[in-house]
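Okay, so here's the structure we're looking at.
Derivation of every value follows stated rules applied to the coordinates shown; laboratory data play no part. Please read these numbers as outputs of a predicted model, since none were measured by experiment. Cβ: placed from backbone, ideal geometry, glycine included. Neighbour counts: every protein chain shown.
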C-alpha cells in the first residue's frame, strides 16, 4: 500500500489556493504546517490582545478549501494551526463547517504542548529549563515567560486518527511529525511513545517518515521554491508548486508534485530542502526519532519524481525541545533613500545625525542597528570594500530597541524634520510607512529541553463529532 | 591552481533556529564536492562572515547529497522575533557565503554557472 500525503501549507501566510490542486491530484492526507518560532511570537501578541486568538487565523480559509473533500471521505487534514490556542482553532474550524453547511465528520484537538501551567512543576521535578543555545540558567531568563511550548511528536495525532478523526488540529507539534503521524497510522508502524519496545527497523521507518515530513513541511521549497539552481527556468514560476510524497510501508518514498502546478521536483530541488534549518544532518533530532539525513539515497526518476530510500534512524532522546518566549523590549525602524553622488556617505551621515538628535531629545536607546541597502545590508562583511565602486543609490535603514514603547515611538519622529534641515542633500522618505517609526514589541526566544514523560503526562486528545 | 567564487560551483540555502543560522552548500558534482570539503573550512567561513557571526561555526558533511552544512552561532541579532536585522531569519546568508573565493584545480578554472534569463519576466512587466 502506498500512502499519498501532501504539504499544503509551509507557514502562516501561505496560500490556501494550493489545496485545490493537491486535492484534484488526489491525496490521502493534507498536512498543513503553520508554525515557526516567529509565528508563535505573532500568535502570542494576538492572544495578548484577545484571549480567543492565538491560532493561525487563515485556518478557516484552509478548512473552507479542504472540508468538502473531507466530508466526501477523499482526504483527511492534519494541522498545527492551533498555535498556542488549539481549542480556539477547533472552534473556528467547526464554525467554518457550519457556515458551509458541512457535517458528518470528526475533528480532534491535541492538547498538552502548552508548558505555561507546568513550569513550576517541571522545575520542582528537576528540569533545569536552561537555555540550550547559550547555556544560560533559567534564573537568568530576562523577563517573565509569555508562552512556553513543548514540541510534541506524532503519537497524539496517531491516537486521534485511531479514534476516527478526519481533521486533527494541534498546537506545537514538530513540523515533520505532522507528516510522520499518518504514515505510522496507515502503515501500522510502531508508535514511538514507548521507545523501549521498538527495534532497529522501527526506528529506520520512523526516520524515513521524518525525512518525508522534513521534505514536505516547507511547501514549495522542495519543488523549486527558494531555489539557487536555474530558478529562472522553472516552469510556470507564478503557479507555486506544493509537494506530495507517495510513501510505501517500508518507508521508501517518492517526492513529487501535481502535474498541473509550476515548479520542479528533481534531485537538486529536493536536496536543497533536505538541509534546510538543519544542524547536524547525521543526527536530526525529532520528538519521535533521531534521523540520519546523510543515510538515504536520492534517485531522480524524471517527470518530477525523486525516490528517497534507505533512511536510518536511532532511538529518540528522552527530552522534547521546549520554546519559551519573553518580552525583550520595543523596536522601531525608519528608512531614507539617497542618490548618487556620494549616496553611501549621505546615508551614513543621516544615520549618525538621527542618533545624535535622539540623544539630544533625551530618549534612551538600548540598541542601534544600521543597514545600507544597495551596499552591504545583506552581505555585511562578505562584501569586499571597493572604494572604486560607488553605488548609484543607497537606502539607509535604522532600527532601534528601547525598554518602553513610548520611547521606541519617539525615536522615529526625530527623522522627519531631517528631510529639510539635515545637511545630506536629496533626503527621500521611503513611502508612507517609512517614517512612522511605529513601535513593535520584541520577543526573545529561549530554547530548552523538557523530559518527555513529564510532558506526555498532560497530553490529551479530544474528539468531537461535527 | 586557480581562484574562483563558490557561486560558480555550488548551490546554497540558508535557514534559522533561534539565533543560529545554517547555510548549506550543494556541490554541482563529485569533483567539486571533494574540493569544497578541502577548501571551505570552518576557519575560512568564520573569517568570511567576519562580524556577522559572533559565535562558533560548525561544519557537517552530507556526502549523500554532496553538501556541506555550516552552522553559524549567534548570527541573527538574537533570533527572528527579537532581531533588529531586516534579514532577521538569515535567508540571504547563502548568497553571502558563495561570494567566497577558493582555490580549485586548473581543470575547474573555467567553471561558470548559467546566469539568469528573465525574458519571461520582462514580458509580463511590459503588460
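Pairs of alpha-carbon atoms within less than 8 angstrom and 6+ residues apart define the contacts here; what relative contact order does the stretch A:325-445 have, in percent?
Over the stretch A:325-445, the number comes to 49 percent.
Could the peptides B:11-20, A:256-265, A:193-202, A:79-88 be put in order, highest first, of the mean number of other beta-carbon atoms found within 10 Å of their residues?
Working: B:11-20: 23.5, A:256-265: 20.2, A:193-202: 13.0, A:79-88: 26.4.
The most tightly packed comes first, giving A:79-88, B:11-20, A:256-265, A:193-202.
What number does the protein assembly as shown give for Rg over Rh if you use C-alpha atoms and the Kirkwood radius?
Values: Rg = 24.7 Å, Rh = 25.4 Å.
Ratio value, two decimals: 0.97.
If you count, for every residue in A:39-46, the Cβ atoms of partner chains within 10 Å of its Cβ, what is the mean?
Numbers: counts 2, 2, 4, 1, 0, 1, 1, 0.
Mean partner shielding for this stretch: 1.
Applying a 10 Å radius around every beta-carbon, put B:118-125, B:100-107, A:416-423 in order of their mean neighbour count, most first.
Packing order, densest peptide first, comes out as B:100-107, A:416-423, B:118-125.
Please label the shape of the stretch A:303-413 as rounded, prolate or oblate, based on the square roots a ≥ b ≥ c of the eigenvalues of the alpha-carbon gyration tensor (a/c under 1.5 means rounded; beyond that, a/b larger than b/c means prolate, else oblate).
Cα axes put the stretch A:303-413 in the oblate bin.
Quickly work out the residue A:368-to-residue A:300 label distance, labels modelled 7 Å from Cα along the C-beta direction, and quote it in nm with one decimal.
About 5.0 nm separates the two model spin labels.
Between helix A:175-187 and chain A, what is the angle of the helix's C-alpha long axis to the longest principal axis, kept within 0 to 90° and rounded to the nearest 10?
The angle comes out near 10 degrees.
For the residues A:292, A:386, A:130, A:300, what sequence is obtained by ranking on other C-beta atoms within 10 Å, fewest first?
Ranking A:292, A:386, A:130, A:300 by Cβ neighbours within 10 Å, fewest first, gives A:386, A:300, A:130, A:292.
For labels at residue A:201 and residue A:238 in the simple 7 Å Cα→Cβ model, what's the distance in nm?
5.1 nm
Inside 10 Å of the C-beta atoms of A:163-175, what's the mean count of C-beta atoms belonging to other chains?
Rounded to a whole number, the mean comes out at 0.
Which value at 222 nm does chain A reach when only helices count, each DSSP H run of 4 or more adding -39,500 (n - 2.57), with the total divided by all residues and rounded to the nearest 500 deg cm²/dmol?
Value at 222 nm, helices only: -8500 deg cm²/dmol.
Take the alpha-carbon positions of the stretch A:347-386, form their convex hull, and give its projected area averaged over all directions (one quarter of the hull surface) in nm². Can you show the working numbers first?
Working: hull surface 13.9 nm².
Across all orientations, the stretch A:347-386 yields a mean hull projection of 3.5 nm².
In whole percent, what relative contact order does chain A give with Cα contacts below 8 Å and a gap of six or more residues?
18 percent
Going by C-beta contacts inside 10 Å, put A:214, A:458, A:453 in order with the fewest on the left. Intermediate results must be reported in sequence, preceding the final value.
Details: A:214 25, A:458 15, A:453 12.
Going from least to most buried by this count: A:453, A:458, A:214.
For the stretch B:54-106, just list the percent of Cα-Cα distances falling in each 5 Å bin from zero outward, please.
The distribution over the stretch B:54-106 is 4, 15, 17, 26, 18, 10, 6, 2, 1, 0, given as percents.
Enter the Cα centre distance for the pair the stretch A:356-423 and the stretch A:81-129, rounded to the nearest angstrom.
Here the answer is 42 Å between Cα centres.
What does the average come to when, for each residue of peptide B:115-127, you count the partner chain Cβ atoms lying within 10 Å of its Cβ?
On the way: counts 2, 4, 3, 4, 1, 5, 3, 0, 0, 1, 0, 0, 0.
Counting Cβ atoms of other protein chains within 10 Å of each residue's Cβ and averaging gives 2.
Taking the stretch B:1-81, how much of its Cα-Cα pair set, in percent, is spaced more than 17 angstrom apart?
It works out to 46 percent of all Cα pairs.
For A:118, A:272, which order do you get if you count the other beta carbons within 10 Å of each Cβ and list the fewest first?
Least crowded to most crowded, the residues run A:118, A:272.
Return a whole-number percent for the relative contact order of the stretch B:2-113, with Cα pairs under 8 Å and 6 or more residues apart as the contact set.
41 percent
Above 18 Å lies some portion of the pair distances; for the stretch A:13-108, what is it as a whole percent of all C-alpha pairs?
Percent of Cα pairs beyond 18 Å in the stretch A:13-108: 44.
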